[in-house]
Amino acid sequence: MSLPRQSNEVSGTLKTAVKQHWEAETCGVRYGGNGDRLAWFRAIAQTRYELEPCILEFAGFGEAKGLRILEIGVGAGSDFLEWCRHAQHATGVDLTEAGIALTRERLELEGVSRDRYTLRTADAEALPFADATFDIVYSWGVLHHTPETAAAYREVFRVLKPGGKMRSMIYHVPSWTGLMLQLIHGPAKGRFRISQRQAVFEHLESAGTKAYTVPEAVEVARSAGFSDVSAATRLGPGDLLAIKPSARYSAWPFRLVWALWPRWFVRMLGDRFGLYLLLGGRKSL
């Protein structure tokens, strides 16, 4: 059931495309509000937790007291700020300079002491940390973007201390978001054999975005070495079209879909076909 690996050349090309995409628009910044810079950051965080309330329970920020944590993919710094407020020390990495700069600015505006955190650009497939460094490694909606996701999970396992915990969210198929992309970029364009997985790979956020079935995700975690692996799906704001559309979906046909989407029906069917796949695991002692 293992997913195929990319060639080194393809992997490098995809990683460059991923970096360029997220340098251009860091995750969540389209939700920044009006007012001063601190208000702008706080609007991003408020919208994040309103649209994705499962983050707070899954991350378990309050459980980080006295611990060293690593967040892979800090984005605009909303979750990383919470880790800084609770952990003994928080380390954050991002593939982009934009994500690191925004997160550093957010922490400075919030008055977080610099001895509470470390920020640096880094590749999730080659983390620049020694073995057994962190108690918790957390990543929300990031590891499916790197070309070799399985390699990233092996790196997460490596840098965790024995007994440490991995908490991550990657994308799931089948999902409502996958179905929408499949219809928009498949039959609507005369492509009748496109799968949800291919539609996500080609059209969801940065190029090469992957999505996994629950058994596939569990295999990725177990193959990396994790025990006590857990996996659960959740509806995301994309499944409900509760998100602010990007420029590529601003034309009138997409606005019509946004207006007519049967959100009540999606909610009624529950989380089974949610885009979010919450994947956890532990590094055995």
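The values are calculated or read from the model by the stated rules, or taken from the named source; none is laboratory data. Just so it is clear, the model here is predicted, and its values are computed rather than measured. All Cβ positions, glycine included, derive from the backbone under ideal geometry; neighbour counts span all protein chains shown.
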Worksheet item: Hey, among the residues in the range 28-57 that are assigned to a loop (DSSP other than H, G, I, E, B) and over 16 Å from Ala242 (Cβ atoms), which one's nearest to the chain's Cα centre (by Cα)?
Response: Gly32
Worksheet item: How many residues are in contact with a Ser or Thr (Cβ under 9 Å, 6 or more places away or on another chain) and either assigned to a loop (DSSP other than H, G, I, E, B) or closer than 18 Å to Arg158 by Cβ (or both) when one looks only at the range 94-117?
Response: 2
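From Ala188, Ala207, Ala221, grab the single residue that is hydrophobic (A, V, I, L, M, F, W, C), touching a residue at least 12 places away in the same chain (Cβ under 8 Å) and either loosely packed, with under 14 Cβ neighbours inside 10 Å or within 12 Å of Ile170 (Cβ to Cβ) (or both).
Every option except Ala221 fails the conditions.
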Worksheet item: From Gln88, Gln46, which residue is closer than 21 Å to Lys165 by Cβ and surrounded by fewer than 19 Cβ atoms within 10 Å (Cβ to Cβ)?
Response: Gln88
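Yes/no matrix, rows are residues, columns are (1) modelled with pLDDT under 95; (2) among the small types (Gly, Ala, Ser); (3) within 16 Å of the chain's Cα centre (by Cα):
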| position | (1), (2), (3) |
| --- | --- |
| Arg5 | yes, no, no |
| Ala59 | no, yes, yes |
| Leu70 | no, no, yes |
| Phe80 | no, no, yes |
| Thr96 | no, no, yes |
| Leu109 | no, no, no |
| Tyr117 | no, no, no |
Discussion item. I'm checking my understanding of the structure. Among residues of the range 263-285 that are surrounded by 11 or more Cβ atoms within 10 Å (Cβ to Cβ) and free of Cβ contacts under 8 Å to residues at least 24 places away in the same chain, which one is nearest to Glu219 (Cα to Cα)?
Written reply: Leu269
Worksheet, complete the sentence: If we ask which residues in the range 36-62 are farther than 19 Å from Leu277 by Cβ and touching a helix residue (DSSP H, G or I) at 6+ places or on another chain (Cβ under 8 Å), their number turns out to be 10
